[in-house]
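As structure tokens, the structure follows; a few thoughts come after it.
Each reported figure results from applying straightforward, stated rules to the coordinates on display, with no laboratory input. What you see is a predicted model; the values in this text were computed from it and never measured. For neighbour counting, all protein chains shown are included, and Cβ atoms are generated from backbone atoms with ideal geometry for every residue, glycine included.
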Amino acid sequence: MLFNSNAFIFCFLPLTLAGFFLLARISTQLAAAWLTAASLFFYGWWNPAYLGLLVASIVCNFYFGAGIGRAVAVHAQPRAKGWLIAAISANLLLLAYFKYANFFLGSFNHLTGGGLSLGEIILPLGISFFTFTQIAFLADVYAGKVREYNFIHYGLFVTYFPHLIAGPVLHHAEMMPQFRRAETYRFSYENAAVGLTIFAIGLFKKIMLADPMGGYARPVFDAAASGVPLGALEAWAGALAYTFQLYFDFSGYSDMAIGLSRLFGVTLPLNFHSPYRAVNIIEFWRRWHMTLSRFLRDYLYVPLGGNRKGPARRYLNLLITMVLGGLWHGAGWTFVLWGALHGAYLAINHGWQLLCLRLGQNPQASSVVGRACSILLTFVAVVVAWVVFRAPDLDAAVLMLKAMAGVNGLVLPDFWLPKWGIFGAWLAAHGVVFGETRDLVTGGLINWIWVLLLVVWFAPNTQQFMSACRPALMLPADTTEGRLKWSPRPIYALIAAALLTLAIFNLHRQSEFLYFQF
């Protein structure tokens, strides 16, 4: 079931909310069980056949967690470690079978000329997210950070529908205290106002911004996949269209998840914080998919040694972490290369900062112009990597990147020439070519790109707009910046209603969230 569907907005959500708060008057445990059952129904709506897989995963991991906890409680560390290794191995094997088995077999067949096959394997929705969430739980139990073993609360922690399909990746310690609080189970008009406003903003981003940009990006990448040589303008326009599609799609989902959760009195961690404003790649990953970055840092990069074993080992650890992070996003060589690119970016960024410090320079200090150049350079690097991420295969990615580099030349649409008047004539006189193009780039797309660039670089984001009500956990210090602030006033209610109404009237063109495929 999609957040951006009539069935969800007009049936599932109101019935689940009503049942939760009505049952809470009788018993908080009953209300938690209702929300768990509703979340399972939400998941089963996609494919009931895989509901059993999710339930089995929850039961097995709770059992493993309890075993690890008992061993830790009596200081039987070898036994606890054995339970942990077995549990994590089981989770990773399950993920590997459904998500990577055919990818690795296909790669093996390509190298050896073999014909091994497991047949078609349907990827269970959200398996990466609920697997990582439970691995984090097991690791926290082993570290002695888990104190509660309530099966209903654990089931709700894993299945909680606002985060189940596309994150955020949660920590047990973030959610369990909220499920125990009495006020969580009491309806709050403030939570309703805050939650609906954030949900409306997210739905608007998805329907009115992300989906139209996807319509512009698709024909460009399809042309590249078909081997059609693209001009520089077409390639850059398609790359930027996808850059904004993914931004507003994931930002919209993250807002909707936080808003929906707030309706139930539960605050989720922030997962998205204006990443295209980052001044370097290190900061980008502190702003993009923040809970996944935290997971990769805490449970992969740090155990590999982090930065504790010298610069060379640090850069290798970064590369390994990002390659595996890329593979987590999808079973394909484009995702591996995308992860490797970001690993290389991070290594270069850390190396540059280290060099600056050794030369007595502060890498964090810069002028306004210097900061703007850093943001632009980071943005371009991210766009280049998104091309690899989006392309269906490496050949299409190479064709797109060559076109962006100007290998096929730059041709502007001929219908722009009369519209630009004297400026167009001046460009033509100085060698800029105006000619017939494949209609992949229109004036509408160019206008969208400029408008959305201004939005992502200068407009307050959702958490800055809603900062007065603490909309999420893990809020950065700059969340309080900006003058435009939400408050429970009629004007903001009207704005939220307008955004929600506009998005709902356009639900006929609904599409899945991009992160559902991961």
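By the count of other C-beta atoms within 10 Å, a proxy for reagent exposure, Tyr515, Tyr189, Tyr43 are ordered fewest to most as Tyr189, Tyr515, Tyr43. When Rg and the Kirkwood Rh are both derived from Cα coordinates, the Rg/Rh ratio for the chain amounts to 0.98. Within region 338-393, the proportion of Cα pairs with more than 20 Å between them is 37 percent.
Using only Cα atoms, find the angle between the long axis of helix 28-44 and the longest principal axis of the chain, and express it within 0 to 90 degrees, rounded to the nearest 10. The helix 28-44 is inclined about 40 degrees to the chain. Over all other residues within a Cβ to Cβ distance under 14 Å of Gly195, the charged ones net out to 0, with Lys and Arg as +1 and Asp and Glu as -1. The distance linking region 249-297 with region 483-512 is 20 Å (Cα centroid to Cα centroid, whole angstrom).
Only helices enter this figure: runs of n ≥ 4 DSSP H residues, each worth -39500 (n - 2.57), summed and divided by the residues of the chain, yield -20500 deg cm²/dmol at 222 nm to the nearest 500. Of all aspartates and glutamates in the structure, the ones whose alpha carbon falls short of 18 Å from that of Lys205, not counting any fewer than 8 places away in one chain, are Asp249, Asp255, Glu512.
Couplings for region 216-228, taken from phi via the Karplus curve 6.51 cos²θ - 1.76 cosθ + 1.60 with θ = phi - 60°, read 7, 6, 4, x, 5, 5, 5, 5, 4, 5, 8, x, 6 Hz in order; Gly and Pro are left as x. If the reach is capped at under 26 angstrom between alpha carbons, list the lysines near Lys81, excluding any in the same chain fewer than eight residues apart. Excluding near neighbours in sequence, the set is Lys145, Lys309. Rounded to the nearest 10 degrees, the angle from helix 368-390 to the longest Cα principal axis of the chain is 80 degrees.
For the pair region 382-446 and region 1-72, the centres of their Cα atoms are 48 angstrom apart.
Which of Leu473, Ala498, Leu260 sits closest to the plus end of the dipole of the chain, meaning its Cα is farthest towards the positive end, when Lys and Arg get +1 and Asp and Glu get -1 on the C-beta? Most positive-ward Cα: Leu473. Applying both filters, DSSP loop and at most 11 other Cβ atoms within 10 Å, to the trypsin sites (Lys or Arg not before Pro) of region 299-339 gives Arg308. With a cut-off of 14 Å between beta carbons, the residues surrounding Tyr242 carry a summed charge of -2, where Lys and Arg count +1 and Asp and Glu -1.
By the beta-carbon count within 10 Å of each Cβ, the least crowded to most crowded order of Arg483, Arg287, fewest first, is Arg483, Arg287.
Put simply, the amide H of Leu473, placed in the peptide plane, has neighbours under 5 Å in Leu268, Leu270, leaving out anything fewer than 5 places away on its chain.
Here the residues Ile68, Ile495, Ile135, ranked from fewest to most Cβ neighbours within 10 Å of their Cβ, fall in the order Ile495, Ile135, Ile68. Scalar couplings 3J(HN,Hα) for region 321-331, obtained by applying the Karplus form with A = 6.51, B = -1.76, C = 1.60 to θ = phi - 60°, are 4, 6, 5, 5, x, x, 5, 4, 5, x, 8 Hz; x denotes Gly and Pro. Taken about its Cα centre, region 165-268 carries a charge dipole of roughly 340 debye when the Cβ of each Lys and Arg holds +1 and the Cβ of each Asp and Glu holds -1. 3J(HN,Hα) along region 131-143, derived from phi through the Karplus expression 6.51 cos²θ - 1.76 cosθ + 1.60 where θ = phi - 60°, amounts to 6, 5, 4, 7, 5, 4, 4, 4, 5, 5, 4, 4, 7 Hz, with x in place of Gly and Pro.
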